[in-house]
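A quick write-up on the structure given underneath.
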Amino acid sequence: MTQAPVPPSATGAWREGDPPGRRRFVSGTQVLETGPELPFTLAYETWGTLNPSVSNAVLVEHALTGDSHAVGPAEEGHVSPGWWDGLIGPGKAIDTSEFFVVVPNVLGGCQGSTGPSSLHPDGKRWGGRFPAVTARDQVAAEVVLADALGIGRWAAVLGGSMGGMRALEWAVSEPERVASLLVLASTAQASADQIAWAAPQLHAIRSDPGWHGGDYYDVPGAGPDTGLGIARRIAHVTYRSEAELSQRFGRRYQDGEDPMRGGRFAVESYLDHHAGKLSRRFDAGSYVVLTESMNTHDVGRGRGGVANALGRITARTVAAGVDSDRLYPLYQSQAIADAVAGAEFAVIGSPYGHDSFLIETEQIAKLVRLLLGQ
């Protein structure tokens with residue numbers, strides 16, 4: 001099959017023919033919740049060794065703009081360093097001398113797994129044709145991965161934010177395959193507030209002249225970078241707390257700039273930095289698909305409601321929230337713990353808001369060790 005050309009500036013996605021880095025791949029076909037059949041590939045990375053009894057496998061689920069590269073430096077094939085380096089590795093909370101760690105790139109993503117930037121079977125990019133996928137669909141694809149690796153039961157499934165949604169869905173849809181579960185800064189179903197925050201992000205991308213209905217990959221130009229940058233700015237504000245932004249930036253001007261003369265406040269420069277950084281490593285189409293998968297997340301759909309669905313979970317469960325999180329407030333983690341038999345509720349004390357599940361390594365490590373019985 002001839003690879004369709006992709007202008008280098010149109011997307012930050014990993015593409016067929018790029019260096020694979022540490023990625024491995026598994027393929028399958030599944031019927032999505034919305035009806036269509038989707039042929040897919042999942043990219044994933046592993047650390048450690050699977051033991052003879054196949055009892056030491058740990059599944060780690062990434063957040064919205066994460067990927068399979070949870071550990072290690074930025075290197076050929078991986079534009080960013082590992083996002084959970086502080087937790088995974090020899091002697092760390094998820095000790096790779098003891099556990100076999102698997103981190104897949106989510107279905108709909110853009111770092112090796114099938115998503116809008118991937119090749120359709122007809123040889124063109126999926127683009128705007130890519131179907132809606134749900135957290136349930138994403139977990140079904142990961143079941144194919146687990147089967148391919150010969151893993152019948154995970155020693156633990158862990159995830160934060162969007163990754164927490166998938167971790168929770170694993171424990172609900174495949175209870176016999178999850179021994180322990182850690183859900184960080186997440187929810188059993190997306191709230192009106194979370195959907196509302198997502199709405200302007202989706203509009204920003206779709207309103208960008210470079211969007212072209214999602215079919216921008218083969219169109220000369222930069223793609224919807226401006227819209228993606230606006231979406232990232234909005235999202236990043238929700239990831240941090242008001243107190244942290246006030247303490248870190250206050251009303252300080254960016255160095256050499258004066259807002260009274262067209263310059264920026266320091267906090268604006270901070271958001272601009274994160275917007276530009278994301279466009280170099282991510283894809284606007286995936287951002288839309290994954291944001292919508294988060295909006296539709298509801299473990300209770302078709303299962304008699306959230307409480308009934310959470311009642312299926314048999315895994316030893318820890319649900320942890322962040323006391324300064326304004327996107328996924330504590331009560332949502334508390335509700336998970338209350339509905340799962342024997343579950344523990346934990347509070348991560350942090351000024352960093354929603355992003356604390358990536359930052360507060362020591363507190364997360366304690367929860368992981370509790371979960372894994374270390």
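Quick one: would you say Ser356 is surrounded by 18 or more Cβ atoms within 10 Å (Cβ to Cβ), in contact with a Cys (Cβ under 7 Å, 6 or more places away or on another chain) and not in a strand (DSSP E or B)? So Ser356 does not fit the description; no. Do we find that Asp272 is open to solvent by 40 Å² or more (accessible area, probe 1.4 Å), touching a strand residue (DSSP E or B) at 6+ places or on another chain (Cβ under 8 Å), in a helix (DSSP H, G or I) and free of Cβ contacts under 8 Å to residues at least 60 places away in the same chain in this structure? No: the conditions fail for Asp272.
Listed here are the residues, each with its yes/no results for (1) of a type in the set (A, V, I, L, M, F, W, C); (2) more than 28 Å from Asp298 (Cα to Cα).
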residue	(1), (2)
Gly21	no, yes
Val31	yes, no
Thr46	no, yes
Leu50	yes, yes
Ala57	yes, no
Ala74	yes, yes
Gly82	no, yes
Asp85	no, yes
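Within the stretch 32-45, does at least one residue satisfy the condition of being in a loop (DSSP other than H, G, I, E, B) and either open to solvent by less than 10 Å² (accessible area, probe 1.4 Å) or within 14 Å of Gly112 (Cα to Cα) (or both)? Let's see the steps before the verdict.
To start, the set of residues in the stretch 32-45 that are in a loop (DSSP other than H, G, I, E, B) comprises 32-36.
Within this subset, residues satisfying the condition of being either open to solvent by less than 10 Å² (accessible area, probe 1.4 Å) or within 14 Å of Gly112 (Cα to Cα) (or both) are 32.
Yes, because at least one residue in the stretch 32-45 is in a loop (DSSP other than H, G, I, E, B) and either open to solvent by less than 10 Å² (accessible area, probe 1.4 Å) or within 14 Å of Gly112 (Cα to Cα) (or both).
Residue-level check: of (1) of a type in the set (Gly, Ala, Ser); (2) under 22 Å from Ala167 (Cα atoms); (3) in contact with a Lys or Arg (Cβ under 6 Å, 6 or more places away or on another chain), Ala70 misses just (3).
Give the residues of the stretch 46-70 that are within 18 Å of the chain's Cα centre (by Cα), among the polar types (S, T, N, Q) and assigned to a loop (DSSP other than H, G, I, E, B), sorted by residue number. Please lay out each step first, then the result.
Initially, the stretch 46-70 is screened for residues within 18 Å of the chain's Cα centre (by Cα), giving 46, 58-70.
Now narrow it down to the ones that are among the polar types (S, T, N, Q): 46, 65, 68.
Matches in the stretch 46-70: Thr65, Ser68.
Restricting Gly250, Gly227, Gly221 to those that are at pLDDT 95 or above, of a type in the set (Gly, Ala, Ser), surrounded by fewer than 19 Cβ atoms within 10 Å (Cβ to Cβ) and over 18 Å from the mean Cα position of the chain (by Cα) reduces the list to Gly250. Being touching a Lys or Arg at 6+ places or on another chain (Cβ under 9 Å), farther than 19 Å from Ile336 by Cα, among the aliphatic types (A, V, I, L, M) and at pLDDT 95 or above holds for only one residue in Ile205, Ile151, and it is Ile151. Restricting to the stretch 174-189, name every residue that is more than 24 Å from Tyr352 (Cα to Cα) and either without any contact (Cβ under 8 Å) to a residue 40 or more places away in the chain or touching an Asp or Glu at 6+ places or on another chain (Cβ under 8 Å) (or both). Scanning the stretch 174-189 gives Glu174, Arg177. Thr317 meets the conditions (1) over 18 Å from the mean Cα position of the chain (by Cα); (2) not in a strand (DSSP E or B) in every case but one. The failed one is (2). So, of the residues in the stretch 236-247 that are outside any loop (DSSP other than H, G, I, E, B) and polar (S, T, N, Q), which turns out to be least open to solvent (accessible area, probe 1.4 Å)? Taking the candidates together, the pick is Thr238. A search for C-beta distances below 6 Å between a residue of the stretch 138-163 that is closer than 30 Å to Ala235 by Cα and assigned to a helix (DSSP H, G or I) and any residue that is polar (S, T, N, Q) and at pLDDT below 95, counting only pairs 6+ apart in sequence or on different chains, returns Ala140/Gln30. Residues Gly91, Gly108, Gly82, Gly77: which one is of a type outside the set (Phe, Trp, Tyr), open to solvent by 10 Å² or more (accessible area, probe 1.4 Å), touching a Gly at 6+ places or on another chain (Cβ under 6 Å) and on the phi > 0 side of the Ramachandran plot? None of the other options fit; the residue is Gly77. Output yes when any residue across the stretch 79-91 is touching a Lys or Arg at 6+ places or on another chain (Cβ under 9 Å) and among the aliphatic types (A, V, I, L, M), and no when none is. Within the stretch 79-91, one or more residues are touching a Lys or Arg at 6+ places or on another chain (Cβ under 9 Å) and among the aliphatic types (A, V, I, L, M). Go through the stretch 120-131 and give me each residue that's part of a loop (DSSP other than H, G, I, E, B) and either surrounded by fewer than 15 Cβ atoms within 10 Å (Cβ to Cβ) or not hydrophobic (A, V, I, L, M, F, W, C) (or both). Passing the criteria: His120, Pro121, Asp122, Gly123, Lys124, Pro131.
Going by the conditions given, is Ser324 of a type in the set (S, T, N, Q), at negative phi and open to solvent by less than 10 Å² (accessible area, probe 1.4 Å)?
no
The values are calculated or read from the model by the stated rules, or taken from the named source; none is laboratory data. Keep in mind that this is a model prediction, so the values were computed, not measured. Quick reminder, even Gly has a Cβ in these numbers, built from the backbone with ideal geometry, and neighbours come from all protein chains shown. Just so you know, the surface numbers come from the protein's heavy atoms only, side chains and all, with ligands and any DNA or RNA stripped out. Shrake-Rupley method; radii C 1.70, N 1.55, O 1.52, S 1.80 Å.
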